[in-house]
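Have a look at the structure below before the remarks.
All of the numbers you see were taken from the coordinates with simple rules; none came from a lab. Values in this document were obtained by computation on a predicted structure and should not be read as measured data. Quick reminder, even Gly has a Cβ in these numbers, built from the backbone with ideal geometry, and neighbours come from all protein chains shown.
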Amino acid sequence: MPTEDTALREPQARTWRRDFAPYERCVPLARREVEQALARWGCTEEEVATAALVTGELAANAVRHAHVPGRPFTVALTVGDGGCVVEVTDPVTAPPTAVTPRPDDERGRGLLLVEASSVAFGYRSCPGGGKTVWAALAAQARAVCGERTWLPERLTAAALRCGTGEPAEPADVERELRCTLEAHTTGDHHAFVRELPGPDTGAVWTRWIRGHPPTTLLTLPDCPATSPTPCADFADHPGAHSWHLTTNDPKSPHTSPE
């Protein structure tokens, strides 16, 4: 059952909100927009699907049981390291009430689904009237790929010469390579090779297919994502940002804190 409380918010969390007209046709629209926002932020397919399910149920509940002509319902997202909080605000003060549906009932399971999908579930009254129903969803654990290989001598020499100015020192080039992207079963593996001098110049990377050595170097801009910490991968990389990823390898930039 939902309890009257306040959903926890993390510092430096990402937030999104939008008002929707109080009609059932807007419920799938709210779901789609939540899916798009979370996908842009690098959430996993499972996280996106769970948040969309919860959004749809809470939005439908607002439309069916808290409809006031001309008054919209509002959907808000807060995403941090601990997971996602979905909030739906409507103009009616009465708290949400879960019921036990009969086996042949087509409706009445929405709040039960929300409760089953969340780690915490509650509501709070709004100062100007109405209420906000919220559900906190746990973040899914995500691992670094970790596929390993070595940088061939030919590419090591080329990496030393990359960029402008004086050649780099041998110690500046990573020869023992490890894919730092989110664990994946398709696509190329990518590993950092060396930094380039100067601001906004990016870094040298290489890529390879499992069972084959790297054959090329890539100069790629750094990922611009910086919240809550700078992402350690390259711009437009597939999968989650580096701060979402965990590994027990002490040499990895994604190592989980003790």
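Miscellaneous remarks
- From least to most packed, judged by other beta carbons within 10 angstrom and beginning with the fewest, 89, 132, 180 follow the order 132, 89, 180.
- The residue 160 and residue 210 beta-carbon pair, evaluated with R₀ = 25 Å, returns a calculated FRET efficiency of approximately 0.40.
- Ordered by the number of other Cβ atoms lying within 10 Å of each residue's own Cβ, fewest first, 63, 34 fall into the sequence 63, 34.
- Estimated vicinal HN-Hα couplings, Hz - region 206-222 in sequence order (Karplus 6.51, -1.76, 1.60; Gly, Pro = x): 9, 9, 7, 9, 3, x, 10, x, x, 10, 8, 10, 10, 9, 10, x, 5
- √(5λ) per eigenvalue of the Cα gyration tensor, region 142-246, largest first, Å: 22, 18, 10
- Computed E for residue 126/residue 40 - FRET, C-beta separation, R0 35 angstrom, nearest 0.05: 0.80
- Using θ = phi - 60° and Karplus 6.51 cos²θ - 1.76 cosθ + 1.60, couplings along region 20-26 (whole Hz; Gly, Pro as x): 9, 5, x, 10, 4, 5, 8
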